[in-house]
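A short reminder: the numbers here are calculations on the coordinates, not readings from a lab. What you are looking at is a predicted structure, and each value in this text was computed from that prediction instead of being measured. All Cβ positions, even for glycine, are placed from backbone atoms using ideal geometry, and neighbour counts span all protein chains on display.
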Ligand SMILES: [Zn+2]
Ligand SMILES: [Zn+2]
């Protein structure tokens, strides 16, 4: 939930990215042919001879003052939005033929508001002559409240925006005034049309859908990460390096409300790192992760729960084999709480960034849904954990999800996540093995063990990497067993139950509380009875044949 760009302080204007280690900036390298690159000004450029592109840009700009050249044309769009303004405000402007680049800057007033009252916050984006229809083809980029200026051209665009043709017609600035002060919001947008010959066509470089992998194995991955293409300050190269440093096998790229990063990941993937494409779909009633998008596949976000548009976009993602995952469902920031229900979800992000109280809420809601799904014979919703890391010092991979997959490929990883063959870890230094055994049969995480109702079932977890941690076994009755790990963090805990007693069993490994005690999982009191999460499993389902007539 570190992407609280929609929080009260998130309207601080941020210029185009200037931070970040210079050594990690591909623009520091000599111009070269190949994949798209980000330059120092934060522009996403065609990698087809970067130097030539720059020269072309200069050549096109140079005659601007010369006789015969069309001078820049600036259009001012101003207005006042009252409380109760629409979620999205369309500002049309006409683009004539011969425009090489559209450059936009904007601002709005910030009147003093009483303490506890939200001040003005206004997002911005751009749609081209193909229109602004929900789910339509006109999307050209979105920067939320993160940037005060951006530009789009055929060969390059500010991250968050899509390079491509600047065709004549009616384009639109779209404002998203998501917080309006009692006095209203006065905006001013300046659109500058720069004329000249278009640059070369932008050629995206998408990542391969497969990495080397280890065959059927457990793979670690962070499926919620941001870059300069939305409100993060890390370059994609820095995110890829961070994923490798965190010991991850895969990541999913999930910038808010744009696909502009999709075409830059190609050269950053490798045999050791699978990069899956996605988007964080940031609506006014919660955020969801669209995981496993096809290259350039855009998912619209301009709706609320009341609009009943979400199922349509969830279908769009699932039809392509992707997953729909509500993110940080109890994040307290404006518009971040999940209000769409879980009927169209494939998994839920119960752990987002450092473990906080809203993760406890997400965990409890998820746990309560397990029993209902099992009773109704529906697939249960798997839990996932992701870092949602945007910028330093947020740690990529903390937490992440460890998935049992047939291979290190997009489809296999998505299959594993969909099936709940996964557990959640705060870092790659935590290791865990969790099984249930009965009548000579064994089931692992996300699997089902079918045994006679009263046959003994031995539940076993082996953990390492959590010094002094507390293992909790939980079923549909709540916590039924608690045991501390030794000081070195490595230990095995075994407990016996039956299918008649437990519809499922799952495990948590908690750190000690701030006072160093393990806590008591069944206790009540003003404080949480346990410490932060170190690891968490999806359930093993226990089933007896007498309860399976419906099969
Ligand atoms: Zn996020
Ligand atoms: Zn979010």
For this session: List, largest first, the extents of the alpha carbons of segment 463-507 along their principal axes, each in whole Å.
Result: 35, 15, 12
Seminar exercise, completed: In whole angstrom, largest first, the equivalent ellipsoid semi-axes that the Cα gyration tensor gives for segment 153-250 are 37, 23, 11
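So what's the chain giving for Rg/Rh, alpha carbon basis, Kirkwood Rh from the mean inverse pair distance?
1.02
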Exercise. Given the C-alpha centroids of segment 107-122 and segment 517-540, what is the distance between them in whole angstrom?
Worked result: 39
Seminar exercise, completed: With Cα coordinates, the longest principal axis of the chain makes an angle with the long axis of helix 310-319, in degrees rounded to 10, of 80
Problem set entry | DSSP bridge orientation in segment 229-322 - percent antiparallel, rounded to nearest 5 | 60
Problem set entry | Rh by Kirkwood over Cα pairs, then Stokes-Einstein D for segment 72-117 at 1.306 mPa s and 10 °C, µm²/s | 111
Seminar exercise, completed: Rounded to whole angstrom, the alpha-carbon centroid of segment 265-327 lies from that of segment 65-104 at a distance of 30
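Under Stokes-Einstein, with the Kirkwood radius over Cα pairs standing in for Rh, what whole-number D in µm²/s applies to segment 87-243 at 20 °C and 1.002 mPa s?
Working: Rh = 18.0 Å.
Answer from the Stokes-Einstein relation: 119 µm²/s.
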For this session: Report P(r) for segment 446-534: all Cα-Cα distances, bin width 5 Å, range 0 to the bin holding the largest distance, values in whole percent.
Result: 3, 14, 24, 22, 16, 12, 7, 2, 0
Exercise. Arranged from highest to lowest average of other beta-carbon atoms within 10 Å per residue, in what order do the peptides 110-121, 476-487 appear?
Worked result: 476-487, 110-121
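In terms of the ratio Rg/(2.2 N^0.38 Å) built on C-alpha atoms, what value belongs to segment 378-448?
1.28
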Exercise. If you stretched the chain out fully between residue 294 and residue 90, how much longer would it get, using 0.36 nm times the residue separation minus the C-alpha to C-alpha distance?
Worked result: 70.6 nm
Seminar exercise, completed: Sorted largest first, the Cα spans of segment 285-397 on the principal axes come out in Å as 39, 36, 26
For this session: Please compute the Cα-Cα pair-distance distribution of segment 133-181 with 10 Å bins starting at 0, giving whole percents from short to long.
Result: 21, 51, 24, 4
Problem set entry | For the chain, calculated [θ]222 nm from helices alone, where every DSSP H run of n ≥ 4 adds -39500 (n - 2.57) | -3500 deg cm²/dmol
Seminar exercise, completed: Nearest 10, in degrees from 0 to 90: the angle of helix 410-419 to the longest Cα principal axis of the chain is 50
